[in-house]
Amino acid sequence: MPSEREFTSLIDQNKGIIYKVIRLYVRDPDDEQDLFQEILFQSWKSFAHFKGESKFSTWLYRVGLNTVLTFKRRPSLVENHEDLSQLNVISSERKGEETEALYLAIRELGEIDRMIILLHLEGYENEEIADIAGLLKGHIGVKLHRIKKVLKNKLRIEG
Amino acid sequence: MDLLETWQKLEREKLSKPVEGAVEIRKTSRHPVEQLKAAYMRTTLFSVFFLAGFIVLFFLFEEPLVKVGIGFVVGVYVFFFVVNFGMYRRVGMDFPVDRNLKDALNHTYSYITENIRFQERAALFLYPIGGAAGFMMGGSVGSGDINSMMMKPSVLILLVVVLVVMTPLCFYLTRWMYKVSYGKCLSDLKTLIEDLERPN
């Protein structure tokens with residue numbers, strides 16, 4: 001039986017993962033806090049099943065994303081309200097706004113697409129993403145190709 | 001714009017900010033499956049409470065017809081208690097929160113759907129029986145002689161009317177309550193499953 005101390009120490013080292021997941025799906029600070037606690041609760045509950053077959057960070061992504069996407073939704077949770085029309089005017093001379101534009105563009109994606117691009121940008125291979133999503137590697141490849149195309153169109157990325 | 005480079009910048013600037021408030025592992029959850037578990041515990045406690053009440057009533061009433069009615073209700077409540085407690089113990093035991101997303105979504109969706117169906121069936125069965133038992137007990141207390149009261153055609157028609165009105169009412173009320181509580185959650189889950197399974 002793993003100890004709570006061991007768990008909190010691992011969470012402490014990897015809590016950036018939870019922040020990242022939450023920031024891509026939630027806007028409201030109360031919802032952020034709520035979801036953070038929920039992910040902690042679900043992680044702690046499932047921690048006994050963690051056998052170390054994958055890295056703790058991968059396992060935490062899995063639990064975090066599963067929790068976010070199966071959580072009971074409130075209107076402010078997970079939905080998008082940003083006005084993305086501004087993204088159409090993002091250009092190379094507005095470098096300072098690139099990060100904000102990327103953030104908005106990713107949040108404009110569907111929830112599943114957001115998950116896939118998050119894992120891709122975090123350096124996960126298609127096979128690992130497929131394992132986390134429960135899909136085939138080829139399926140992820142096709143989805144990723146489309147998502148990147150959408151992002152490029154939104155952000156007018158060259159090439 | 002280089003996607004990866006901008007992403008790393010975004011991580012540093014925006015995504016790494018700690019979530020406000022105290023970080024502690026709380027004891028309760030607002031996850032739909034966990035909420036169902038809590039609902040089963042509440043229903044189990046209610047069924048124990050009502051069961052105890054009906055057992056007391058069984059010994060308080062002397063009319064055989066009322067005793068048979070209450071005995072039947074006690075039997076139904078025992079069954080309801082066993083099923084509810086069983087569901088309470090089963091909920092969450094196999095919830096695949098650390099398995100793949102497709103499994104987690106499908107499991108959560110089918111679990112909520114299955115439980116709503118269970119509650120609807122319970123409403124269809126339990127409440128009308130409770131209503132009929134209440135009708136008979138009320139009649140027994142009011143008239144003093146349940147046997148002669150139950151012989152009156154008008155009373156029997158009233159009992160049938162009560163059952164005919166209560167059964168669909170309880171069924172649709174339960175369905176509506178669950179639709180209010182879990183309707184959006186189910187529709188979101190269904191959309192996510194469809195999005196996940198879409199070929200591209």
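The values are calculated or read from the model by the stated rules, or taken from the named source; none is laboratory data. Source: prediction; values computed, not measured. FYI the Cβ positions are ideal-geometry reconstructions off the backbone, even for glycines, and counts take in every protein chain you see.
Some points to look at:
- For the range B:18-62, a residue qualifies if it is surrounded by fewer than 19 Cβ atoms within 10 Å (Cβ to Cβ), more than 19 Å from the chain's Cα centre (by Cα) and outside any helix (DSSP H, G or I), and the qualifying residues are B:P18, B:E20, B:G21, B:A22, B:V23, B:E24, B:I25, B:R26, B:K27, B:F61, B:E62.
- Members of the range B:129-180 found to be among the basic types (K, R) and either surrounded by 13 or more Cβ atoms within 10 Å (Cβ to Cβ) or at pLDDT 85 or above (or both), listed by number: B:R175, B:K179
- Taken over the range B:63-96, the residue count meeting the criterion of being aliphatic (A, V, I, L, M), out of contact with any Leu (no Cβ under 9 Å at 6 or more places or on another chain), within 29 Å of A:T70 (Cα to Cα) and surrounded by 12 or more Cβ atoms within 10 Å (Cβ to Cβ) is 2.
- For the range A:48-73, a residue qualifies if it is in contact with a Pro (Cβ under 9 Å, 6 or more places away or on another chain) and at pLDDT 90 or above, and exactly one does: A:N66.
- Test: residue in the range B:127-146 that is in contact (Cβ under 8 Å) with a residue 12 or more places away in the chain, over 30 Å from B:F61 (Cα atoms), part of a helix (DSSP H, G or I) and under 18 Å from the mean Cα position of the chain (by Cα): no
- Remark: B:S29 falls outside the filter, which requires a residue to be free of Cβ contacts under 8 Å to residues at least 40 places away in the same chain, facing chain A (nearest Cβ under 8 Å) and in contact with a Gly (Cβ under 6 Å, 6 or more places away or on another chain).
- Criterion (over 19 Å from the mean Cα position of the chain (by Cα) and at pLDDT 90 or above) met by exactly one of A:G138, A:G134, A:G110, A:G123: A:G138
- Only residues that are surrounded by 16 or more Cβ atoms within 10 Å (Cβ to Cβ), free of Cβ contacts under 8 Å to residues at least 12 places away in the same chain and not in a helix (DSSP H, G or I) were counted across the range A:106-159, and they come to 4.
- Note on the range A:1-42: among residues that are basic (K, R) and within 7 Å of another protein chain (Cβ to nearest Cβ), the one that is nearest to the chain's Cα centre (by Cα) is A:K20.
- Among the residues listed as B:K9, B:K14, the single one being under 30 Å from A:R23 (Cα atoms), facing another protein chain (nearest Cβ under 10 Å), in a helix (DSSP H, G or I) and at pLDDT 85 or above: B:K9
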